[in-house]
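Peer 1: Can you keep this structure in mind? I'll have questions shortly.
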Amino acid sequence: MVHALRGVSLTVHKGERFGIVGESGSGKSTLLRLLCALDKPTAGSIRFDGQEITGLPERRLRFLRHSLQIVFQDPMSSLNPRMRVRDLVAEPLVALGESVGGRVAELLDAVGLPAAAADRYPHQFSGGQRQRIAIARALAPRPKVLVADEPVSALDVSVRGQILNLMADLVDELGLTLVFVSHDLSVVRHVCETVAVMNDGEIVETGAIDDIWIEPSHPYTRALLQAVPTLEGLL
Ligand SMILES: Nc1ncnc2c1ncn2[C@@H]1O[C@H](COP(=O)(O)OP(=O)(O)O)[C@@H](O)[C@H]1O
Ligand SMILES: [Mg+2]
């Protein structure tokens, strides 16, 4: 049996930009899936806005589906290739039974895509543009919390900074709470103020990212830091 997570406890405050960092297999995606109620923990409790979400049936999770939206690593697999951008972006609204109105045009503009993008299909865009589409889609129902699982890891290094800046700007403008997962501490540092460091299913260190960057207290964090000389100059 694999224990993907053990004894994990964390609190994300309203308006906080909270990063989760750790190497591949450390349990980051599992933790996110639990936070988003896409999976059930074998034990423990998860609360959103004070309300217990663990074990709620899907029909009682509507408020969460509305308030919390996710951007995944690879937009090529998270976006249905047979749907036009217009429908992809509108889909979360339609699923929640809300009117679409002029929202697609508004969202495309917000993520820096031309209005004409609405009529095209995902394969007609670059990786960075596809992640912009995924971000527009996530923002459609006006969520309070944006969750991102390695959102720039599948992108060319040259466009990572642009997408990170876009996310940071949108989180700022819209007053969102951000939960952001990456295996790269320098990427997390670019968009988050707080970080939890995960190793082998456990959180080994939590705190202000600037403090941890300068003075990591756990040996695993020190090892992670030594492994990330890469992106600093490019971001
Ligand atoms: N559905 C699953 N069944 C069995 N093991 C899994 C499953 N999902 C993840 N794992 C295991 O749980 C651990 C954590 O995985 P994951 O949360 O995907 O890590 P990360 O996102 O940090 O790379 C890994 O050892 C992985 O192999
Ligand atoms: Mg993962």
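Peer 1: How do the pairs read when you match residues in region 142-168 that are buried (at least 16 other Cβ atoms within 10 Å of the Cβ) with residues anywhere that are aromatic (F, W, Y), using Cβ under 6 Å and keeping only pairs 6 or more apart or on different chains?
Peer 2: A148/F180; D149/F72
Peer 1: Got at least one residue in region 66-79 being surrounded by fewer than 16 Cβ atoms within 10 Å (Cβ to Cβ), modelled with pLDDT under 95 and within 16 Å of ligand 1 (Cβ to nearest atom)?
Peer 2: yes
Peer 1: Between residues in region 17-41 that are within 28 Å of A227 (Cα to Cα) and basic (K, R) and residues that are more than 11 Å from ligand 2 (Cβ to nearest atom) and assigned to a strand (DSSP E or B), which pairs lie under 6 Å by C-beta distance while being six or more apart or on different chains?
Peer 2: Short answer, once both residue conditions are applied: R17/L178.
Peer 1: Condition test on V12, is it buried (at least 18 other Cβ atoms within 10 Å of the Cβ) and away from ligand 1 (no atom under 16 Å from the Cβ)?
Peer 2: yes
Peer 1: Only one of V187, V171, V191 is at pLDDT 95 or above, β-branched (V, I, T), within 21 Å of G22 (Cβ to Cβ) and within 14 Å of the chain's Cα centre (by Cα). Can you tell me which?
Peer 2: Only one candidate qualifies: V191.
Peer 1: I would also like to ask the following. Which of the helices (runs of 4 or more DSSP H) contained wholly in region 1-80 include at least 1 residues that are within 30 Å of R222 (Cβ to Cβ), of a type outside the set (F, W, Y) and within 16 Å of ligand 2 (Cβ to nearest atom)?
Peer 2: Output list reads 28-35.
Peer 1: (1) among the charged types (D, E, K, R); (2) more than 16 Å from the chain's Cα centre (by Cα); (3) at pLDDT below 95: which one isn't true of R47, the others all being true?
Peer 2: Exception for R47: condition (3).
Peer 1: Looking for something within 23 Å of R84 (Cα to Cα), touching a strand residue (DSSP E or B) at 6+ places or on another chain (Cβ under 6 Å) and part of a loop (DSSP other than H, G, I, E, B) - is there at least one such residue anywhere in region 146-159?
Peer 2: Yes, region 146-159 contains a residue that is within 23 Å of R84 (Cα to Cα), touching a strand residue (DSSP E or B) at 6+ places or on another chain (Cβ under 6 Å) and part of a loop (DSSP other than H, G, I, E, B).
The values are calculated or read from the model by the stated rules, or taken from the named source; none is laboratory data. All values derive from a computational prediction rather than experimental measurement. Virtual Cβ from ideal backbone geometry, glycine too; neighbours counted across all protein chains shown.
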